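J.: Supplied in structure tokens, the structure appears directly below.
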Amino acid sequence: MNEDQQQKNKRLAGKLSLSAVAMVVFAIVALPALYNLICNITGLDGRTGRIEKEQALATRPDKTRVIKIEFDANVNGDLPWEFKALTRRIEVHPGEVATVSYYAKNLSNRTIVGQAVPYVTPIKVAKYFNKTECFCFSQQKFGPGEDKEMPLRFIVDPDLPKDVNTITLSYTFFDTKQSGVEEDSAKAENATPQ
Amino acid sequence: MSVRKLKQAVIALFSSVLVMTSSHAWAAEISSLNLRKGVTEVSRNAYDLHMIVLWICVVIGVVVFGAMIYSMFAHRKSKGAVAASFHESHKVEVLWTVIPFIILIALAIPATKNLLLIEDASNPDMTIKVTSYQWKWQYEYMDGDAEGVKFFSSLDKASNDARAMNSGIDVTKVAHYLNNVDNELVIPTGKKVRFLITSNDVIHSWWVPDFGFKKDAIPGYINEAWTLVEDAGTYRGKCAELCGKDHGFMPIVVVAKEEGDYKKWAAAKKAEADAAAAAASSDKTWSKAELMAKGAAVYGTSCAACHQANGEGTGPFPPLKGSALATGPAAGHIDIVVNGSKTNPLMAAYGAQLNDLDLAAVITYERNSWGNDAGIVQPKDVKAAR
Amino acid sequence: MSTAHAEHEHHGAPSGLLRWVFTTNHKDIGTLYLWFAFAMLLVGGSFAMVIRLELLQPGMQWVDPNFFNSMTTMHGLIMVFGAIMPAFVGLANWLVPMMIGAPDMALPRMNNWSFWILPFAGTMLLSTMFMEGGGPNFGWTFYAPLSTTYAPASTDFFIFAVHMLGFSSIMGSINIIATIMNMRAPGMTLMKMPLFVWTWLITAFLLIAVMPVLAGAVTMMLTDRNFGTSFFDAAGGGDPVLFQHVFWFFGHPEVYIMILPAFGIVSQIIPTFARKRLFGYSSMVYATASIAFLSFIVWAHHMFTVGMPVAGELFFLYATVLIAVPTGVKVFNWVATMWQGSMTFELPMKWALAFVILFTIGGFSGLMLGIAPVDFQYHDTYFVVAHFHYVLVTGALFSIIAAVYYWLPKWTGHMYSESLGNWHFWTSIVFVNITFFPQHFLGLAGMPRRIPDYNAAFADFNFMSSIGAFGFGLAQLLFLALVIKCIKGGEKATDQVWEGAEGLEWEIPSPAPYHTFAEAPEVK
């Protein structure tokens, strides 16, 4: 092999190595971001929308339709909490603001920080289901034996597909394995499912 | 070998295959060679589609392999074949690109129709929540006659005993070995039952072949699925996603009952649940014998998978027999069972899964079995420790 | 031709152990890769024997369920990353420079490193089984959270091993691409390259695209496990299903990485023994490229049961069955190559024909699995196990064996023992089908995969499958014997070896000299 050839080979190898490194970055940075983006658009992972202002939707309630909303609660893994929906189901008109409550109690004798993860079915309704107030927006800190009623305020988009008449909203509380609550730090803002 | 001997050998071979296939329990538990038709519209559609694709494959296979095998015999050098010189033909190449494409489109139409049917869980008559645990199922009736009924369903005792390593039990004699549970899921016939499937720990998958679908149980997700069973009967299934050590040992049994029978079952189950709740929450002091009997049952379904029936543990699962925890102060023992282990993620918290009575019973059982002798624990001790 | 350069750094093979440690010769490195792959085949195969032993009869007799799970996990990992992939890289090392008229690989020193990482990675992977808490037990697909929150401590070592394996593969691919792009002899245009070179070029691009994704996936696992991130942990805002998407974004191209070079091998062998040019050379190239492209947009067909929007399921269903078209084109082309040829059936041809038939059977079951509404029944059952063993054992592995038979006389200068080879072939063919064909029935009858015990209703087919597996495993020892015998001696091979063989590698002497094509040949 002559010098020229070697130079050429090294240049090509360098380019290919760069593309391999780019693919690692793609996998770690771009893929999760892309996945979140697709989830937000399609509701792929059942996450519900969060809106700050409910007025936009509340201006045009659709009184002709009645949607049944069911509420479900789960506790993941070893989290020693009791967690339930105080309202099992309600009926609402799309565009109407509704408020229900969940109840949670820390059964253990230590302080635990939990994070509720929402899921809504059928998944195609995720982007039409908007919450203005939810305990899932931030981590919840419960002292030993502490219990709390937690309100959930939501509004169903009047553009909800016509064939949907029942929506099931479910929360699962996970143990964050942390001792303190992360308050509105950049991480919580981005990483917390809504 | 003479021809006669060869003939004998062939006959012997075939008859032994016949004997083999007929002698065993080919019973209703398995349809011998093919996908089962099942008992729902979805499963019958899946079967039909399966047969269509299978036949398409068989026909293509016969044509392609036929041509190939013909060529292997006709175009061999030993027969004096001389190689032709063609090596492309656009006409032929276009043809065998387009024809498969058309076949695929023809296939995609029924496939799409079936998929839309399977994924349409709207307007159910009732809803059951299915939560998977390592390694059992929990069923909760969300509405209807049995609303509020909630129970665990795990491998039945007969199978569980037989499946222990070198148990000495002939598993072929165990009825429904590994296909039976302690508490079956009961559904009414003729009703659209919606399942909300989730998981408490790792990913599992809920599958009853006769219903024609499987759906993953994923922590934080609530997956929807549905079925409508026309005929009463018992339908058996399995966890289909690797979920750890006892993945092979968490069967599903669904009993479909006529509506009247279902209503009766629901009423009885609710009464049973109320009585159990009342017993668990009463401040009654239980005798050791009562606690040990109840504890043995709870241990069998919740603990024995890891800590083993003999309390000696296995692999990463520590022994309870003679352990410091199970023979030391009760408080530590109650804490780890109720809240789980802080150091070993394999030890789950049972505080939310079991009531105070069951917890007291199983802790008592663990403290007084296999030579352990560390006193009894009452439900009120557990309550106080929570 | 190497003698002309003897006074330079070029000379014959040095002797001693250090020759193998420091070698930068593509033939030596190819040999190392192939022996490593064979050793791993035996290791992974012995794990398969443990699995089949436990499944021989219903009831738990030999290993506990946790160990059984680490056996299925390690069997998959070792076979994929230790046996099949290194074997193909080994073949590429030996053959690509000889086929395109290059003196060596483009980056010989890097070539040495990319091999020598492998034994360390393999050792680290195997060592996890002796660690406290046992080895990886979550399947070769290592789905979170079973592989993160609930995994044994040894998982971190498994992750490092995967990193190293990935690193080795990426370096190997860079080398192969650089060799093919820069080192072709004058006149060897892209569309004159042998198909093995073509398929490897496309495979190498696939590897560079997806091995980093695997590295990314295990890196995310590592940080989730140890550094408090939550890519796959719902508690911190992550999502376990994201893991499956990332894994299969790697995993689906990965399965084509293990089959495209096989297509290349078979496309070399069939024309030789049919004594007729390959039918549809350019359509073969385009079909390979379209399969590679499609492999990036079908990953979620492994995940139909996780719950996706219907539109997504339909997209992945359509894209998946579409792969049948270019794959079909390949099979039709092979049959058309044979058609009106003048065929003989030496062992490489036997293995290649077995490949065509049995791989196509695996392709059929693949088509069936792609139909989402029926996949809800097949998914995670033995039907899937049967499917991927038909494409990977009778597909990828058979093509590798065919390649070894085909080029062994060129490598060693001796013909192999025909009778030993025939025994190897016929026992393998019979036993491999006894092993894997009944698994279709088991799956259809409802037996899930990755379970250590089953109801007696599944007993007969499992018994059959186990017997087949033991037979197939033992048959490979014949292969070992044959190869050793062939290296030691045998009938002298001619330069062309096979009457119908065409290509640069058949124009050099047998055995191939240590250095070939120091002067680039002229390709007409």
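J.: What does the charge dipole of segment B:282-385 about its Cα centre add up to, to the nearest 20 debye, if the Cβ of each Lys and Arg holds +1 and the Cβ of each Asp and Glu holds -1?
T.: The calculated dipole for segment B:282-385 is roughly 40 debye.
J.: Given N residues in segment C:1-149, what is Rg(Cα) / (2.2 N^0.38 Å)? All intermediate terms of the calculation are to be shown ahead of the outcome.
T.: Numbers: Rg = 19.9 Å, N = 149, 2.2 N^0.38 = 14.7 Å.
Expressed relative to 2.2 N^0.38 Å, the Cα Rg reads 1.35.
J.: When only C-alpha pairs under 8 Å and at least 6 residues apart count, what is the relative contact order of segment C:319-422, in percent?
T.: Numbers: 69 pairs, mean separation 36.2, N = 104.
Relative contact order comes out at 35 percent.
J.: Compare the Cα positions of B:340, B:103, B:63 along the charge dipole of chain B (+1 at Cβ of Lys, Arg; -1 at Cβ of Asp, Glu; about the Cα centre) and return the one farthest towards the positive end.
T.: Ranked along the dipole, the leading option is B:63.
J.: Can you work out the FRET efficiency for the pair residue A:33 and residue C:311, with r the C-beta to C-beta distance and R0 = 22 Å, to the nearest 0.05?
T.: FRET efficiency, residue A:33 to residue C:311: 0.55.
J.: Partner chain Cβ atoms within 10 Å, averaged over the residues of C:327-338 - can you pull that number for me?
T.: Values: counts 1, 9, 4, 0, 5, 9, 5, 2, 10, 9, 3, 7.
Mean shielding by partner chains, rounded to a whole number: 5.
J.: Continuing with this model, one more query. Less than 18 Å from a label point 7 Å out along the Cα-to-Cβ axis of residue B:289: which backbone N atoms in segment B:365-386 qualify, by residue?
T.: Under 18 Å, as judged by backbone N against the label point of residue B:289, lie B:365, B:368-369, B:376-377 of segment B:365-386.
J.: For chain B, state the semi-axes of the equivalent ellipsoid (square roots of 5 times the eigenvalues of the alpha-carbon gyration tensor), sorted largest first and rounded to whole angstrom. List each step's numbers first, then the result.
T.: Values: eigenvalues 553, 159, 87 Å².
Semi-axes, largest first: 53, 28, 21 Å.
J.: Could you bin all the Cα-Cα distances of chain C into 20 Å bins starting at 0 and give me the percent of pairs in each, rounded to whole numbers?
T.: Values per bin, smallest distances first: 22, 58, 20, 1.
J.: Let me ask something else. With r as the distance between the Cβ atoms of residue C:518 and residue A:10 and R0 = 30 Å, compute the FRET efficiency 1/(1 + (r/R0)^6) and round to 0.05. The partial results should precede the final answer.
T.: Numbers: r = 21 Å, r/R0 = 0.69.
Efficiency for this residue pair is about 0.90.
J.: Now, a different point. Tell me which aspartates and glutamates have Cα within less than 16 Å of residue B:214's Cα, excluding those fewer than 8 residues away on the same chain?
T.: Qualifying aspartates and glutamates at Cα under 16 Å: B:41, B:119, B:120, B:224, B:241, C:313, C:375, C:380.
J.: Compute the distance in nm between two label points, each set 7 Å from the Cα along the Cα-to-Cβ direction, one at residue B:85 and one at residue B:63.
T.: 3.1
J.: Now for a different question. Give the average over all directions of the projected area of the C-alpha convex hull of segment B:190-232, one decimal, in nm².
T.: Details: hull surface 12.3 nm².
Its Cα hull, projected and averaged over all orientations, spans 3.1 nm².
J.: Please give the calculated 222 nm ellipticity per residue for the protein assembly as shown, where each DSSP H segment of at least 4 residues contributes -39500 (n - 2.57) and the sum is spread over every residue; nearest 500 deg cm²/dmol? Mind showing how you got there, number by number?
T.: Details: 33 runs with 543 residues, N = 1104.
Here the helix-only value at 222 nm equals -16500 deg cm²/dmol.
J.: Grab the other residues whose beta carbon is less than 14 angstrom from that of residue C:344, score K and R as +1, D and E as -1, and report the net. Don't skip to the answer; put the middle values down first.
T.: Working: positive: B:76, B:77, B:79, C:275, C:276, C:350; negative: C:346, C:418, C:499.
Local net charge: +3.
J.: Ok, one more. Using a/c under 1.5 as the rounded threshold, could you call segment C:316-377 rounded, prolate or oblate? The axes a ≥ b ≥ c are square roots of the C-alpha gyration tensor eigenvalues, and prolate needs a/b larger than b/c, oblate otherwise.
T.: Values: a/c = 4.72, a/b = 2.29, b/c = 2.06.
Here segment C:316-377 falls in the prolate category.
J.: I would also like to ask the following. Determine the relative contact order of chain B: mean sequence separation of Cα pairs under 8 Å and six or more apart, normalised by residue count, in whole percent.
T.: Details: 587 pairs, mean separation 48.1, N = 386.
Relative CO of chain B lands at 12 percent.
J.: Placing unit charges on C-beta atoms (Lys and Arg positive, Asp and Glu negative, everything else neutral), compute the dipole magnitude of the protein assembly as shown about its Cα centre in debye, rounded to 20.
T.: Working: 83 positive and 90 negative charges, 408 e Å.
For this selection, approximately 1960 debye.
J.: Under the definition of partner shielding as Cβ atoms of other protein chains within 10 Å of a residue Cβ, what is the mean value for peptide C:199-208?
T.: 1
J.: Which pairs break 20 Å Cα to Cα here: A:84/A:105; A:105/A:131; C:27/C:192; A:162/B:191?
T.: Working: A:84/A:105 9 Å; A:105/A:131 23 Å; C:27/C:192 23 Å; A:162/B:191 24 Å.
Checking Cα-Cα distances, A:105/A:131; C:27/C:192; A:162/B:191 exceed 20 Å.
J.: What are the principal axis extents of the Cα atoms in segment C:411-524, in Å, biggest first?
T.: Principal extents (Cα only, largest first): 65, 31, 24 Å.
J.: Just to check I understand the Karplus step: with θ = phi - 60° and J = 6.51 cos²θ - 1.76 cosθ + 1.60, what whole-Hz values come out for segment A:19-36, glycine and proline as x?
T.: Taking θ as phi minus 60°, the curve returns 5, 5, 4, 4, 5, 4, 4, 4, 5, 7, 9, 6, 4, x, 5, 4, 4, 4 Hz for segment A:19-36.
J.: Suppose R0 equals 56 Å. What FRET efficiency, 1/(1 + (r/R0)^6) with r the Cβ-Cβ distance, do residue C:42 and residue B:258 give to the nearest 0.05? Present the calculation step by step, with values, prior to reporting the outcome.
T.: Numbers: r = 58 Å, r/R0 = 1.04.
With a Förster radius of 56 Å, E is 0.45.
J.: How long is segment B:282-385 along each principal axis, judged by its Cα atoms, biggest number first, in Å?
T.: Extents along the principal axes, in whole Å: 39, 26, 24.
J.: If you don't mind, there's one more thing I want to ask. Taking each residue of B:62-75 in turn, how many C-beta atoms of other protein chains fall within 10 Å of its C-beta, and what is the average?
T.: Mean shielding count: 5.
J.: To make sure I understand the rule: partners must be lysines, Cα under 20 Å from the Cα of residue B:77, and not fewer than 8 residues away in the same chain. Which ones qualify?
T.: Hits, sequence-local ones excluded: C:276, C:350.
J.: Once fully extended, how much extra length lies between residue B:175 and residue B:51, figured as 0.36 nm per residue of separation less the alpha-carbon to alpha-carbon distance?
T.: 41.5 nm
J.: For chain C, what's the relative contact order in percent, using C-alpha pairs closer than 8 Å and at least 6 residues apart?
T.: Details: 860 pairs, mean separation 99.8, N = 524.
It rounds to 19 percent for chain C.
J.: Could I ask something else about it? What number do you get for segment C:84-204 when its Cα radius of gyration is normalised by 2.2 N^0.38 Å, N = residues?
T.: Details: Rg = 18.1 Å, N = 121, 2.2 N^0.38 = 13.6 Å.
Expressed relative to 2.2 N^0.38 Å, the Cα Rg reads 1.33.
J.: Can I ask one more? P(r) tail for segment B:126-279, what percent of Cα pairs lie past 24 Å?
T.: Details: 3899 of 11781 pairs.
Every Cα pair in segment B:126-279 considered, those over 24 Å come to 33 percent.
J.: For segment B:34-119, rounded, prolate or oblate, judged on the Cα gyration tensor with a ≥ b ≥ c (square roots of eigenvalues), a/c < 1.5 rounded, else prolate if a/b > b/c? Spell out each step's value before the answer.
T.: Values: a/c = 7.75, a/b = 2.22, b/c = 3.49.
Verdict is oblate for segment B:34-119.
J.: I've got another one for you. How long are the three semi-axes of the equivalent ellipsoid for the protein assembly as shown, computed from the Cα gyration tensor as the root of 5 times each eigenvalue, in whole Å, largest first? Before the final figure, lay out the partial values.
T.: Working: eigenvalues 587, 205, 183 Å².
Its equivalent ellipsoid spans semi-axes of 54, 32, 30 Å.
J.: What nm value, rounded to one decimal, do you get for the distance between residue C:226 and residue C:290 when each label is placed 7 Å out toward the C-beta?
T.: 4.6
Values quoted throughout were computed directly from the atomic coordinates according to the rules given, and no laboratory measurement underlies them. Here the structure is a predicted model, which means the values were calculated and not measured. With ideal geometry, Cβ positions are generated from the backbone for all residues, glycine too; neighbour counts draw on all protein chains shown.
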